[in-house]
Structure formats: structure tokens, C-alpha cells
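S.K.: Here it is, the structure, as C-alpha cells.
The values are calculated or read from the model by the stated rules, or taken from the named source; none is laboratory data. From a predicted model like this one, the values you see are computed outputs, not experimental measurements. All Cβ positions, glycine included, derive from the backbone under ideal geometry; neighbour counts span all protein chains shown.
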Amino acid sequence: MIRQYELVEIVKAYDPDADEDAINRAYVYAMKMHGSQMRASGDPYFSHPLEVAGILTEMKLDTASVITALLHDTIEDTEATAEDIKRLFGDEVLRLVEGVTKLTRIEFQNAEAKQAENFRKLVLAMSEDIRVLLVKLADRLHNMRTLHHIKKPEKRKRIALETLEIYVPLAERVGVNKIKNELEDIAFQNLNPDAYDSITTRLKFLREEGESVVTDILKELREKLGEADLEVNVTGREKSPYSIWKKMQKKNISFEQLSDIMAFRVLTEDKALCYHVLGVIHSIYPTVPGRFKDYISISKPNGYQSLHTTVIGPENYRIEIQIRTFEMHEEAELGVAAHWAYKQGGGKQQSIDGKKYRWLRELMDIVEHAPRPEEFLEHTKLELFQEQVFCFTPQGDLIELPSGATPVDFAYAVHSKVGDTCVGAKVNGRIVPLSTKLGNGDQVDITTSKSQTPSPNWERFVVTGKARARIRRFIRSQQIEQFAELGKSMLHKAFKNEDKNVTDKQLAKVSKQFKSDGVDDLYAGIGSGHIQPKEVFKAVYPEHKSKPALKEDFLGERKKTKSRSGKAKPMPIKGLIPGMALHFARCCHPLPGDRIVGIVTTGKGVAIHTVDCDTLESFADTPERWLDVAWEDEDTDVEAETHIGRLNITLSNEPGSLGNLSTVVGTNGGNITNIRITNRALDFWEMLIDVYVKDSRHLSDIIASLRSNSGIISVNRAQSK
Ligand code: MN
């Protein structure tokens, strides 16, 4: 275990200006808070945050990151509160510690393999500061280093798999190869112990057999480069078991067939020297075709820069050589972490800007340096993360939603039934309105009730197609109920007109003829206008001769009511069928005060027309679709509502006549909502205007005023389609 003064010394060694006092306080505080807690290894718990801090100092990270490492488990696992951390260590550290805590919380959800990609996105989306992710990666690295202390093999495997699927790609994405390689090897060892053992055994055998081939090759490489007067640093190693395994998998070959198991690295002072070294190596050893890669002139999307080549080296060994500058090497090992590392002479580098720095912007910067299509693709993918939110069910399942999604979207994403019956939601344990926008990592608990049905209001705030479709479907099914009610009254009216009775039994018998699924479905078909009541009548009483007066009766009645200018059994529109869909016909724009008639339309409920509307002629053959309706009360209740009246106007083409028109309408309390010019001649314009008015009298007043205006040639209520 690193001692307190040692930790401070390590940080001071690379950052003389580091806040020694704060590190000391964090060390003491974390040790005190974790108290007697133990790790699975039997070590005091505090050894864990301390080791994590140690890993970060190897990456030369700034003081805030090191302090965050020391405190990273205090909020989650001890009595410490966010207020305590803020008071003692300030806003920046609190923000970082809370960031790590959030990531730790989602770790405990049960991550299924197929959700790995979602988890990676979630972790990225939640790591608003790249240092949060770096502390988390170091945390995972130490947990992996101590994984063997966990007794249950299944648990070890689960953690190893999670590491390989989530944290390794993340480490790779931000370019921290140092952590990535170690995580990979430990995960591999736990997931596939047989393969790991077999590879390490063979490596050991080769090592003994070949007697330090690596050393021999190293010696020769150093000599040759020395002869060329190149001052460089050459190192060599066996490749890691996992990278060997991956290569065997990828190429589908056995260990024996795998020729390059050794990797050498040449580090130089500057870029030009890299190409010089490459020239020397290629002039001495034959190259293996297709293995040369220049990532210096065009770096990898995560910022990686290096030259790669494979040659037939000393003693005919195939060897891979990487050539890069010291700076590129640091970047390769530390990735974005290099940007937070303390740089000698360069002061605190970007760690100060880091406060406001979002990890994304940082990655974008890297991407920007090499604008190739692949990079742009990568860039686009990153942006996509920002358009999604990831939330958890109480069982820990991860639900991916578009950003802006609400608990209703979440409920429908879980299951249609959950959506249909949802009455309330708790987000992270707190009750919230159903229209609340969800955030990343939110745990959403939906309350359902069997008696609940989807609310049309939900349509205003849901963002997912599934939720929208289900809500609409429900509204439609509700309409069908209304149609059924309407159809029932229409059908019974038709039978009554013929002085006949009908029973459900009779209707059930004939319903199949109309492709209906039972009586209710038959009613709905009639109500929606798809089935004619008289056809049903004929089916029930095939022998019966219809009274020829049926149609005339109704029309006669209609004419009578028109001429009598009064009360011919008024049926209040609203009282007709409660909740029945009503709309005003666009052909005649009926207004309160107009005599009106209702027509059952196909699929759209009842259309209200004025009794003199031309369109009504087309319904003359289907009297059962006609409904006697009237305005509920002509004197009251209409003031609150406004209706559209449509006027056909011919206007002389003079300056100001259009202005006159709108002034006249306006001074009469009307409001023009739409104007459409239908004919534009040299001397006059014909147009249709829609005016918001209270009732027909109001519209008549406007018409009268317009007619008295000199610029206006003619004004009529429109009778058009
Ligand atoms: Mn931890």
C-alpha cells in the first residue's frame, strides 16, 4: 500500500505545483470514511482507492483526478455525502466524484451481453468530463487486478466479460492502450483460462528453447541503428497472450503457424527520425508485403500515431516493429489522458481548461486532425450518442430511447400493456409528471392500473413511434365504440321506419353476411358508414317490401323544417351521442344560427352541413345516414366559441382595396384566417376568405358592411368544396 507521503511525493515529482494539502486531506478523509471496510482480498478497503490513485499518477494526471480517485467510492459506500465532499474539496472534485459514482451505480445493473453497445454508449454519454472515465477505467483496472480474490468463478467470468465488452472498447476509444492491454489480458485469463494457459506455456517453452531470442534481436537492432548514427531507444517484448489469441482467431491459425509473436519498438526524438529509422530497417531486412502502415501521416481516429512494419529480421524471425516519437508513444499509451498529464515546463497543460471540457469535444479535436471519411463516420457515431438516453427498469434492464423521451415512452418501450395502463412514474425514486424528460442513467419505475387507458393528451409529449402508434390505436378503438353506439341507433331507426322489430339474435345471424364479427361490429360498421342499415334490414326481412316513402319522408320533413323557420324537434348536437366525433363540413361552413343537418360519414363520425348545402344531394339515396341536428341553444354558449365562415368575394383591383376589405372585416369584429385568390384578372380579383365569426348573424353583418364598400364588387357566402 502506498503511504500518504509517498503518494504526495509521486505527484509532486511530476507536478511541483500540486496542491499537497488537498491530497493529504483526501487521503486521510477516505481512509477515515472507509474505516474498517474490507476488500474480498482481506485488505482494508482503503487500499483500493489508493491503488486507483496510484494508477492515475502513473498517467501523471492532475491533482483533481488523483483526489477523485481517493474519494471515488466514498459517496456510494460510506457515510460521506455530496455536501461533505463539496465543503471539503470544492465543486470540481464533487462533480468528478459524482460522475464516477453515477458510473458505479449503473455497473450494478445486470448487463446482458447483447446490451454491451448500449452500455458503452451510456458510459460515454455519462462521462461528461473525460477524467471521470479515466478514474473509472483505473478503478476497473484495479478491480481486475484483484479479481482472483473473488471466489465464485461465475462472478469472475461475468466481471471479466463486462470488462472485455464495455471497458476495453472504451479504453481503446479514448486511446489509453496501457490500461486497455492489461484489462484485456486479465479478462482473457478469466474467460478462457485454457487458452490463456496454453499460450503462456508455449511462450515460456519458446523462451527456454530459443534462449532469449528477444535479447539477441534487440542487440542486433541496436547495433545496426547505432552504425547508422541514430540515437534512438529500442525495446522488445513478446506480444501479450490476448493479442496472440486474437491474431490466431482472426487468421484462423494455430500457435505454431503464428510467426510474429515478438514486437519491437523504436522511440525517437522527432518525426523525421522515425522515417530515417524505417529506411535503415527496410534496407537491412526484407519486408513482409502488406504489413507496412503509416499512421504518422494519417493517424487513427483515436489519435494514435506510429509507423508499423514487419520484416524478416535477425535469424529469419518475422518481427513486428513500431517506430514513433516519445511524444507519440506517450499519447499511444495514455490517449486522451496525455492531455491531462502534467507536462514538464508546460505547466498544468489542459487540466485547467478541463473544468469546462467535455470529453466529446476533446475527441472531436483529435478526430479533426485527420479528416478522412472513416473519421467523419466515427464523428457521426459519437454525435448519435447525444441523441439518445439510456434508462433502467427497476430490474436493471437497459432501455434505449431517443432524447426527449418521457416515462410514457419508457413504459411503451418496456411493454405495450405497461404503456396502456400507466398512471404514474417514479424517476430515481421520486414521483414525477408523465411528461418529464428522462435523463441518462435514470431508473424509471412505472405505476400501472388495470382501469387506466391511454390518454389522448399523451400524444402531445411522447417522442417514440411505438407510444404514438399505440395511443392513436386506442383513440381509434374508442371511436369504434362511438360508431357502434351511433350505428345501433341508426339501425333501430331503420327498422322502426318499417314498423319491424329486431333482436340481437337476428342481427347476429346476418352479421357474417356483412363481414362483421358479431352484433357490435355490425353496429360499428353502420355507424362508420361502411354498412347501410337498409341492407341489414333486407337481410333480416328478405320478403318485406320497403315503404317507398322512406326517403321522401325524410326529405319532406327536412323541407318543412326549413320553411317553418323554427323548432322542428331540435336535437342538440352534443346530446346526440355523447362523445361522438363531430365536424363541420368544409363545403358550407355551418354557423350557429344556420339550419343544419348531420350526415354520418365513412369513418369520420358525423359531418354537420347547412340544410341548403349542395353536397347533401349526394346523400339523397341514403336517408338512414341523415341525422336531425340543431344548435344546442342559439342564444347562449356560442359566444365563447368561434366558427369559420367562408366568403366568396370579388374585389376591384385598385390600390388599397384589399386593405379596405380587412379593415371592414376587422371593424365588424371578424378575424380573417385565410385568403385564397381564385382568379386574378386585370380589373378585378376573385377570392375566398375564411373569417372567424360567432354565428351566422355575425357573418351576415360583415357581408352587409362589405357590400356597402365601393371597392368590393360582390360578396356571398361560399358554397364550394
Ligand atoms: Mn472503486
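S.K.: Can you confirm whether residue 29 is modelled with pLDDT of 90 or more, within 11 Å of the ligand (Cβ to nearest atom) and closer than 22 Å to residue 4 by Cβ?
M.R.: No, not satisfied.
S.K.: Also, I was wondering about something else. Touching a residue at least 12 places away in the same chain (Cβ under 8 Å) and over 19 Å from residue 601 (Cα atoms), is that true of residue 467?
M.R.: Yes, satisfied.
S.K.: Same structure, new question: Out of the residues in the stretch 663-673 that are closer than 13 Å to residue 649 by Cβ and touching a residue at least 24 places away in the same chain (Cβ under 8 Å), state the one that is surrounded by the most Cβ atoms within 10 Å (Cβ to Cβ).
M.R.: Within the stretch 663-673, the match that is surrounded by the most Cβ atoms within 10 Å (Cβ to Cβ) is 670.
S.K.: While we're here: Quick check: is even one residue across the stretch 26-41 on the phi < 0 side of the Ramachandran plot, among the small types (Gly, Ala, Ser) and buried (at least 19 other Cβ atoms within 10 Å of the Cβ)?
M.R.: Yes, the stretch 26-41 contains a residue that is on the phi < 0 side of the Ramachandran plot, among the small types (Gly, Ala, Ser) and buried (at least 19 other Cβ atoms within 10 Å of the Cβ).
S.K.: Residues that are touching a strand residue (DSSP E or B) at 6+ places or on another chain (Cβ under 7 Å) and not β-branched (Val, Ile, Thr): which helices (runs of 4 or more DSSP H) entirely in the stretch 176-238 hold 2 or more of them?
M.R.: Ranges flagged: 213-227.
S.K.: Still on this model: What residue, among those in the stretch 248-300 that are over 44 Å from the mean Cα position of the chain (by Cα) and among the β-branched types (Val, Ile, Thr), is surrounded by the fewest Cβ atoms within 10 Å (Cβ to Cβ)?
M.R.: 287
S.K.: Suppose the filter is modelled with pLDDT of 90 or more and within 16 Å of the ligand (Cβ to nearest atom); does residue 21 pass it?
M.R.: When the stated conditions are applied, residue 21 does not pass them.
S.K.: If you check every pair at least six apart or on different chains, which have Cβ atoms under 7 Å apart with a residue in the stretch 35-52 that is more than 19 Å from residue 79 (Cβ to Cβ) first and a residue that is within 10 Å of the ligand (Cβ to nearest atom) and among the small types (Gly, Ala, Ser) second?
M.R.: Cβ pairs passing all conditions: 52/69; 52/138.
S.K.: Would you list the helices (runs of 4 or more DSSP H) that sit entirely within the stretch 472-544 and hold 2 or more residues that are over 30 Å from residue 452 (Cα atoms) and not hydroxyl-bearing (Ser, Thr, Tyr)?
M.R.: 504-511, 533-540
S.K.: Let me ask something additional. Please state which one of 406, 393 is more than 20 Å from residue 105 (Cα to Cα), under 17 Å from the mean Cα position of the chain (by Cα) and surrounded by 17 or more Cβ atoms within 10 Å (Cβ to Cβ).
M.R.: 406
S.K.: Report whether or not residue 216 is in contact (Cβ under 8 Å) with a residue 12 or more places away in the chain and more than 16 Å from the ligand (Cβ to nearest atom).
M.R.: Considered against the rule, which asks whether it is in contact (Cβ under 8 Å) with a residue 12 or more places away in the chain and more than 16 Å from the ligand (Cβ to nearest atom), residue 216 comes out as yes.
S.K.: Further, regarding this structure: In the set 173, 131, which member is within 16 Å of the ligand (Cβ to nearest atom), within 23 Å of residue 329 (Cβ to Cβ) and of a type in the set (D, E, K, R)?
M.R.: Just a single option satisfies the conditions, and that option is 131.
S.K.: Please go through the stretch 411-431 and pick out each residue that is within 20 Å of the chain's Cα centre (by Cα) and either touching a residue at least 60 places away in the same chain (Cβ under 8 Å) or over 19 Å from residue 106 (Cα atoms) (or both).
M.R.: 411, 412, 413, 415, 416, 418, 419, 425
S.K.: Now for a separate question. Can you spot a residue in the stretch 94-112 that is touching a helix residue (DSSP H, G or I) at 6+ places or on another chain (Cβ under 7 Å), part of a helix (DSSP H, G or I), at pLDDT 90 or above and away from the ligand (no atom under 16 Å from the Cβ)?
M.R.: Checking the stretch 94-112: at least one residue is touching a helix residue (DSSP H, G or I) at 6+ places or on another chain (Cβ under 7 Å), part of a helix (DSSP H, G or I), at pLDDT 90 or above and away from the ligand (no atom under 16 Å from the Cβ).
S.K.: Turning to a different aspect of this structure: Of all residues in the stretch 48-91, which are in a loop (DSSP other than H, G, I, E, B), within 24 Å of residue 147 (Cα to Cα) and either away from the ligand (no atom under 14 Å from the Cβ) or among the aromatic types (Phe, Trp, Tyr) (or both)?
M.R.: 59
S.K.: Turning to a different aspect of this structure: For the stretch 596-613, which residues satisfy the criterion of being over 18 Å from residue 644 (Cβ atoms) and outside any strand (DSSP E or B)?
M.R.: If the condition is that a residue be over 18 Å from residue 644 (Cβ atoms) and outside any strand (DSSP E or B), then 602, 603, 611 are the ones that fit.
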